[in-house]
1. Kindly indicate which of Arg221, Arg157 is charged (D, E, K, R) and within 25 Å of Ala121 (Cβ to Cβ).
2. Since Asp103 meets every condition but one in (1) open to solvent by 10 Å² or more (accessible area, probe 1.4 Å); (2) part of a helix (DSSP H, G or I), which condition does it not meet?
3. Could you name every one of the helices (runs of 4 or more DSSP H) located completely within the range 117-208 that has at least 2 residues being open to solvent by 60 Å² or more (accessible area, probe 1.4 Å), among the hydrophobic types (A, V, I, L, M, F, W, C) and over 29 Å from His12 (Cβ atoms)?
4. Select, from Leu156, Leu138, Leu165, the only residue that is touching a Gly at 6+ places or on another chain (Cβ under 6 Å) and under 30 Å from Asn17 (Cα atoms).
5. Sort out which residues of the range 168-194 are among the small types (Gly, Ala, Ser) and closer than 27 Å to Asp44 by Cβ, and write them in order of number.
6. Right, Ala226: open to solvent by less than 20 Å² (accessible area, probe 1.4 Å) and assigned to a strand (DSSP E or B) or not?
7. Among (1) in contact with a Pro (Cβ under 8 Å, 6 or more places away or on another chain); (2) open to solvent by less than 20 Å² (accessible area, probe 1.4 Å); (3) over 28 Å from Asn162 (Cβ atoms), where does Ala38 come up short?
8. Looking at the range 5-95, what helices (runs of 4 or more DSSP H) fall wholly within it and have at least 1 residues that are out of contact with any Asp or Glu (no Cβ under 7 Å at 6 or more places or on another chain) and closer than 25 Å to Gly159 by Cα?
Amino acid sequence: MGDWIAFWDSDHSIYVNARHRDVHYRTIARDIAAHLPAGATVLDYGCGEALHAEEMAAPLGRFILCEAAPVVRMGLVNRFAGHRKIEVRAPEEVAALPAGSVDVVVLHSVAQYLTPGELDALLAQFRRLLRAHGLLILGDVIAPHVSAATDAIALLRFGAANGFLCAALAGLVRTVASDYWRLRSHLGLTRYGEAAMIDKLAAAGFSARRAAANIGHNGARMTFLARPT
């Protein structure tokens, strides 16, 4: 995971332009918000830049943003200093939160960068943090059959629908020579079939189902909704 954290903490070009970056985060925020009950305490683990966190936080009681990348996290700390509902935590601070203190945990587009053992450890942590009737939202899980070409097509469709198609085409060309592609080729991405992920969640103490639609723009990937058993 350390190499991926360093990548996300760098001046990377995964977003092809400012429009892509904004619409990417806005789409994720909208899709996650549809699962969140009003007044809830929500933990977004691996939140990234969380561009639309203020909008998400409005109906919530407490919104905890957790980010492992130090530079990204410091940016969040500076943005939300003094915010009434949003707090920014490092992973070790989240691990120290009291048991049963969170209503919803979100882990979106993170599982693919973790080893199976690392994900198991996080699931155990989330199981401890969640209240008895809490919810774990596990998004953007990549199935074994989903290829890089499928991801590229999803990006182009997203770009066409949101006004950055030409930039998306140029960005795909740049990606081939980027640190992202080097890491993806060298380390790979961790993948799970639907049944394998449901079994993994069950082993961690959750009853899970696949959501009707994935969070974000890539419909070939999967989101799972899991509750403590």
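The values are calculated or read from the model by the stated rules, or taken from the named source; none is laboratory data. No experiment lies behind these values; they were computed from the predicted model shown. With ideal geometry, Cβ positions are generated from the backbone for all residues, glycine too; neighbour counts draw on all protein chains shown. With ligands, DNA and RNA removed, areas are computed over all heavy atoms of the protein, side chains included. Shrake-Rupley method; radii C 1.70, N 1.55, O 1.52, S 1.80 Å.
1. Going through Arg221, Arg157 in turn, the sole match is Arg221.
2. (2)
3. 194-203
4. Leu165
5. Of everything in the range 168-194, those that are among the small types (Gly, Ala, Ser) and closer than 27 Å to Asp44 by Cβ turn out to be Ala168, Gly171, Ser178, Gly188, Gly193.
6. yes
7. Condition (2) is where Ala38 drops out.
8. Qualifying helices (runs of 4 or more DSSP H): 18-33, 53-57.
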